[in-house]
Amino acid sequence: MTTTFGPIELPDWAWERAEVRQALRARDMGAVLRYVQQYAGVSQARIATAAGMTQARVNEIINGRREVSRLDVYERIADGLRMPDDARHLLGLAANREKRTGGAAFDLAAFPEVVRVYATQNSAGEEIQQQAREAEELDVLAVRGLGLIGLNDSLLRACLPREQGGKGLRVRVLLLDPDSDALGQRAAEIGESAESLAGGVRLAEARLRELLADGCDITAYRYRMLPTWRLIRTDSTMFVSAFDAGWEGHESATYKVMETPHGPLFRGFRRMFEALVAGAQRMI
């Protein structure tokens, strides 16, 4: 039998959904509690017990007849829902004093924008594709990008609208300049010839031109610095991994980074991307 006492546990993915995070940003507690009902399968009475409120008060909030405005009420709701620290930050609350159990092997409370860590890009692939299908903007920073967008079976290619009058997804792609010194250095790091790596970049550019001809709203640029970060941004969510000597970006751990009001990571990575675009050579 399900207990009616104690905090409510939502799955981590529920707090990461875009509509939940938007409700938290807007402090729309009626919407937040409706999502709690949907994703945790709990009653108004169960929410009331967890948050130290009456069921009548919870009913009024859920149905829009009462707004939450007091900080202590926000705190009680957050505590009763075992709200993770990144969600608390979106709501304007300080981090929870109690360390949450489970999840990653290290404490993510100090990094509220990092909401999930995947061992590799492949383990994040399904979520990346789902985010790309629902996004209005897609930015990609890669070396040659064949595994991301340049081949028929690449991660993102099937997610792109390719007909005139589609959903209006705007796509920007940054690839390493095949004529740059940085490309030769990167090729040496991964044990590949510069000619082979440059050929991969040019193949990716050719395949991106096909997307443009098919009606996709896409631009592509060449950057000339040694690649450090591999980045996929879908609106307010980023999937970030690192390049280093000896491994490719898709082999690195992949960090899911979400925009928060005060967090520096999302803003910093986006600023880096825009700076690269400003200094890059447009090819498409």
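The values are calculated or read from the model by the stated rules, or taken from the named source; none is laboratory data. The model shown is predicted, which means the values in this text are computed figures rather than measured ones. Counting neighbours? That spans all protein chains shown, and the Cβs are built from the backbone with ideal geometry, glycine included. These accessible areas exclude ligands, DNA and RNA; they are computed on the full protein's heavy atoms, side chains included. Shrake-Rupley method; radii C 1.70, N 1.55, O 1.52, S 1.80 Å.
For the reader, a short list of remarks on this structure follows.
- Test: residue in region 244-260 that is more than 13 Å from W229 (Cα to Cα), in contact with a helix residue (DSSP H, G or I) (Cβ under 6 Å, 6 or more places away or on another chain), in contact (Cβ under 8 Å) with a residue 24 or more places away in the chain and not acidic (D, E): yes
- Subset of region 13-27 (residues that are charged (D, E, K, R) and either open to solvent by 70 Å² or more (accessible area, probe 1.4 Å) or touching a strand residue (DSSP E or B) at 6+ places or on another chain (Cβ under 9 Å) (or both)): E16, R17, R21, R25, R27
- Test result for V143, closer than 30 Å to I284 by Cβ, assigned to a loop (DSSP other than H, G, I, E, B), modelled with pLDDT of 90 or more and touching a strand residue (DSSP E or B) at 6+ places or on another chain (Cβ under 6 Å): yes
- Residues (in contact with an Asp or Glu (Cβ under 9 Å, 6 or more places away or on another chain), more than 22 Å from Q131 (Cα to Cα) and not aliphatic (A, V, I, L, M)) located in region 29-66: G30, G52, R66
This table checks each residue for (1) open to solvent by 20 Å² or more (accessible area, probe 1.4 Å); (2) in contact with a Phe, Trp or Tyr (Cβ under 8 Å, 6 or more places away or on another chain); (3) hydroxyl-bearing (S, T, Y); (4) assigned to a helix (DSSP H, G or I).
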| site | (1), (2), (3), (4) |
| --- | --- |
| L33 | no, no, no, yes |
| Q37 | yes, no, no, yes |
| A48 | no, no, no, yes |
| R57 | yes, no, no, yes |
| E60 | yes, no, no, yes |
| Y74 | no, no, yes, yes |
| A78 | no, no, no, yes |
| M83 | no, yes, no, no |
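- Whichever residue in region 31-72 is under 29 Å from the mean Cα position of the chain (by Cα) and without any contact (Cβ under 8 Å) to a residue 24 or more places away in the chain and, among such residues, is nearest to A95 (Cα to Cα): L71
- Evaluated against (1) in a helix (DSSP H, G or I); (2) over 30 Å from R133 (Cβ atoms), E19 falls short on exactly one condition, (2).
- Residue satisfying condition, being aliphatic (A, V, I, L, M), open to solvent by less than 10 Å² (accessible area, probe 1.4 Å) and farther than 30 Å from D85 by Cα, within set L212, L208, L226: L208
- Test: residue in region 162-176 that is surrounded by 14 or more Cβ atoms within 10 Å (Cβ to Cβ), within 15 Å of the chain's Cα centre (by Cα) and not hydrophobic (A, V, I, L, M, F, W, C): no
- Residue within region 86-98 that is touching a residue at least 60 places away in the same chain (Cβ under 8 Å), more than 19 Å from the chain's Cα centre (by Cα) and either under 30 Å from T234 (Cβ atoms) or part of a loop (DSSP other than H, G, I, E, B) (or both) present: yes
- Subset of region 230-284 that is of a type in the set (K, R) and not in a strand (DSSP E or B) - its residue that is surrounded by the most Cβ atoms within 10 Å (Cβ to Cβ): R270
- Being of a type in the set (V, I, T) and either in contact with a Pro (Cβ under 6 Å, 6 or more places away or on another chain) or at pLDDT below 95 (or both) is a condition met by at least one residue of region 243-255.
- The residue list G191, G150, G145 contains one member that is on the phi > 0 side of the Ramachandran plot and buried (at least 21 other Cβ atoms within 10 Å of the Cβ), which is G145.
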